[in-house]
């Protein structure tokens, strides 16, 4: 298995038919590989992910999945290519590793199925973290952010098959963006990147639907507004209301639908 290409994409030959004529050239496609999260030498989970911004992925996943409670609990991260995938080998503090060993489970395939490996209903849908951050934005900020998002997604421009997650200022300026073949992964990468420094006031915009997991990860990062270009699920709405998150769906230049805590969107 070769991990080549331009920032998570690779070139492949293709044959195209258009208006009855055939042509041969090359296309850029997104890379998707097994990525194992390894803590203190023990493999915990294997994700299907795009091999870009992997240290951010390691940090974000570890935090949003409650493996560590703070960035400084991750002492070291090493990206190690293997024959059949990539290992993100992390050293975490003993306290966090001891807690992880108590609840280890197999979460293989999380990209497509958020409940893989859950052993009980309570474990499958845990209570989200309460959101204590506060902010108020204008609807125009959401429109401004979604309008500029495409131009800041290089992998989407190359391949057309990638999710994006962006952190936006209160005015709707895109401050940080991460991409991945998996929508959860893109959000984890974004949160991991945010944890490299002090998180300013802002909101998160994602190019996918808003599932309950996206709500839980955003709440865990204590970001008060999650906006999605597609629709939310019923459980995402319930979870957002429970934890105090403002959830916005169907975001476009001319439309935004607020499902929970509308007081943060100034009409």
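The values are calculated or read from the model by the stated rules, or taken from the named source; none is laboratory data. Being a predicted model, the structure only gives us computed values, none of them experimental. All Cβ positions, even for glycine, are placed from backbone atoms using ideal geometry, and neighbour counts span all protein chains on display.
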### Task
Determine which single condition residue 161 fails, assuming it passes every other condition in (1) out of contact with any strand residue (DSSP E or B) (no Cβ under 8 Å at 6 or more places or on another chain); (2) in a loop (DSSP other than H, G, I, E, B); (3) at pLDDT below 95.
(1)
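Condition check ((1) under 13 Å from residue 53 (Cα atoms); (2) under 17 Å from the mean Cα position of the chain (by Cα); (3) not in a loop (DSSP other than H, G, I, E, B)) across all residues:
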| position | (1), (2), (3) |
| --- | --- |
| 132 | no, no, no |
| 143 | no, no, yes |
| 167 | no, yes, yes |
| 170 | no, no, no |
| 185 | yes, yes, yes |
| 196 | yes, yes, no |
### Any hit, region 209-222, residues being at pLDDT below 95 and surrounded by fewer than 18 Cβ atoms within 10 Å (Cβ to Cβ)
yes
### Query
Which of (1) without any contact (Cβ under 8 Å) to a residue 24 or more places away in the chain; (2) surrounded by fewer than 24 Cβ atoms within 10 Å (Cβ to Cβ) does residue 228 not meet, given it meets every other one?
(2)
### Task
Go through region 1-106 and tell me which strands (runs of 3 or more DSSP E), entirely inside it, have 1 or more residues that are touching a helix residue (DSSP H, G or I) at 6+ places or on another chain (Cβ under 9 Å), outside the structural domain of residue 160 (by TED's automatic domain parsing) and more than 25 Å from residue 221 (Cβ to Cβ).
9-18, 21-30, 42-49
### Query
Looking at residue 261, is it surrounded by fewer than 22 Cβ atoms within 10 Å (Cβ to Cβ) and more than 26 Å from residue 9 (Cβ to Cβ)?
yes
